[in-house]
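This report refers to the structure that appears directly beneath it.
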Amino acid sequence: MNGQRPAAGFLIGTAMLLVLWQVAALLVNRPILPSPLTVVPLFVRDIGGELGLHFLASTARVLAAIALATMFATPLGLILGQSKMLDRLCGPLIAIIYPIPKIIFLPVIYVLIGISDFSKILLIAIIIFFQILVVVRDEAAGLRPELILSVKSLGAGRRALFRYVYLPASLPAVLTALRVSVGTAIAVLFIAEQSLTNYGLGYYIVIETYQVLRYPQMYTGIMAMGLLGLALYLVIQTIERRFCKHRFVS
Amino acid sequence: MIEIRLLTFHYPGTQPLFADFSLTINRGEAWTIIGPSGCGKTTLLYMLAGLRAPAQGGIYIDGEVVTRPRPATGLVLQDHGLLPWETVWDNARLGLKIRAFYGPDGTHSPADMIRDPEGDDQRVRHWLRWLGIDGCAAMYPGQLSRGQRQRAAIARTLALEPDFLLMDEPFSALDAPIRAELQNVMHGFHLESGLTSVTVTHDIEEALILGEKILVLDTNTNSVPRVVNNELGNAEERRLHPEFGTARKRLQELLGQPARSMGT
């Protein structure tokens, strides 16, 4: 794949989105859908101020959740993937918990952990945790015993196997899981930030703008949250292309 | 010298594959092990590699009992075992990287190992060129043909300069012409290097081309080794040797007959 195309596609996509937005704004012609010509300049102005702080708060929460989930889910996924017995034991439980929308545990977490940043982070971390767990487990289970045996025959003990096989094998799985789950994570963040905090884009969009009918400002919040999702996706994709080159050669 | 002493092995709930089985492999000999599936040929190879432990008896290499993979024993499996996320070059260097990772500790790498990254690079380059895949060094295993992958796996093993080479059906997943070519390459390598080797195969022709001595195993319990001395000797082009057909027939008979009738 040549390097030009993704960038060009990205620009074309952005242009199309803005045009559609403008057309929709003209057709609807109500305050709830302001034109990008109003919103974009406002966004550029506000992102350096209050909006920027809300953006940073949300970003920090997502990043903390990603770190927390990766730290726990990766080793556990590797262990389950390599131990058939453990996987048989835990598999049914994971299969049942995996599709449950974790957001429903929000009140439980608030009561158990308390109303803090950590409870919001934990909720998002739980969502990402299961995504990573399942993908890393499947990736680790796909490491054929012959591969492990032949690397052992080169002299590898447990430490070298971890360094040269398990770690590099799980990195792409972690990145794939993150790329897939980052959208859901931000959606849940939006809900979690609507209450019991004074910072975060969810709070900004619902409490500070929507409820007081500041629609153009509300759209700057929506833009910020959209950009957060997009930026995380692109960062993960870039790391993937950088470190998992073998996946992108034909 | 490799000695298998009074080895006994069985999988749970089955009759023993080996009972008091003894065999001596001398330095410089090229052996092949042939037999129907389920006869224990791969199991025996894994025990020689130190990847599986016998129930009783043991395997001694230069007088030392094998309990885990030996740094100087090289192993090539049917499934090439290359890391899909590393290039051919990095795959071929993997064994050397693992040695550098542990340092000369005597268990994971030879105790007399010398750190020499440049020499390592040269050796890897040499084997890639010798196996005709130096042009693929920057490619990933997924971009190679099966034959090229197997060559890369062989390069990875030979780069460690083993004193004992074990191969488990190394060429059976390959198309016939590529298989024949690689058989010739490995036979030529043996004539050149005199490396002690044991190759497991289910293919009579391969057993005759790669083995100076052929161990014939049986699905019944193996106790007395049935060894065929391959009279084709050091002939470079074994397939064209006038004796090839006769030897082939003899092995065929031996594989078709009950275990008691000794072939030699």
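Computed extension length for residue B:184-residue B:115: 21.5 nm, one decimal, from 0.36 nm per residue of separation with the Cα-Cα distance subtracted. Summing charges over neighbours of residue B:146, with a neighbour being any other residue whose Cβ is under 12 Å away from its Cβ, gives +1 when K and R count +1 and D and E count -1. Inter-part distance, segment B:81-159 to segment A:1-63, computed on C-alpha centroids, equals 49 Å.
For chain B, the longest principal axis of the Cα atoms and the long axis of helix B:117-130 meet at an angle of about 60 degrees. Show me the helices of chain A, taken as full DSSP H stretches, that run 24 Å or more along their long axis by Cα and average 1.6 or above in Kyte-Doolittle hydropathy. Length and hydropathy pass: A:117-141, A:167-192.
Among B:43, B:67, B:157, the residue with the largest mean-square fluctuation in a Gaussian network model of chain B, with springs joining Cα atoms closer than 10 Å, is B:67.
The charge dipole of chain B, taken about its Cα centre with unit charges on the Cβ atoms of Lys, Arg (+1), Asp and Glu (-1) only, comes to about 440 debye.
Listed by chain and number, the lysines whose alpha-carbon sits under 22 Å from that of residue B:213, ignoring those within fewer than 8 places in the same chain, are B:41, B:249. Averaged over peptide B:95-107, the number of partner chain Cβ atoms lying within 10 Å of each residue's Cβ comes to 3. Positive contributions from Lys and Arg (+1) and negative ones from Asp and Glu (-1), summed over other residues with Cβ under 11 Å from the Cβ of residue A:109, come out at +2. Enumerate the aspartates and glutamates that residue A:245 could reach by cross-link, defined here as Cα to Cα under 17 Å, with residues fewer than 8 away along the same chain left out. Reachable aspartates and glutamates: A:139, B:86, B:90. Excluding same-chain neighbours fewer than eight residues apart, the lysines reachable from residue A:152 by a Cα-Cα span under 17 Å are B:97. Specify the angular offset, from 0 to 90 degrees and rounded to the nearest 10, of the alpha carbon long axis of helix B:244-256 from the longest principal axis of the alpha carbons in chain B. Helix B:244-256 sits roughly 70 degrees off the main axis of chain B.
Tell me the net charge near residue B:25. Cut-off is 10 Å between Cβ atoms, residue B:25 excluded, with +1 for each Lys or Arg and -1 for each Asp or Glu. Residues near residue B:25 contribute 0 overall.
Work out the charge dipole of chain B with +1 on the Cβ of Lys and Arg and -1 on the Cβ of Asp and Glu about the Cα centre, then indicate which of B:165, B:33, B:133 is farthest towards its positive end. Of the listed residues, the answer is B:33.
Each value in this text was obtained by applying a stated rule to the coordinates, not by laboratory testing. Worth saying up front: this structure is predicted, and the values here are computed from it rather than measured. Neighbour counts run over all protein chains shown; Cβ positions are idealised from the backbone, glycine included.
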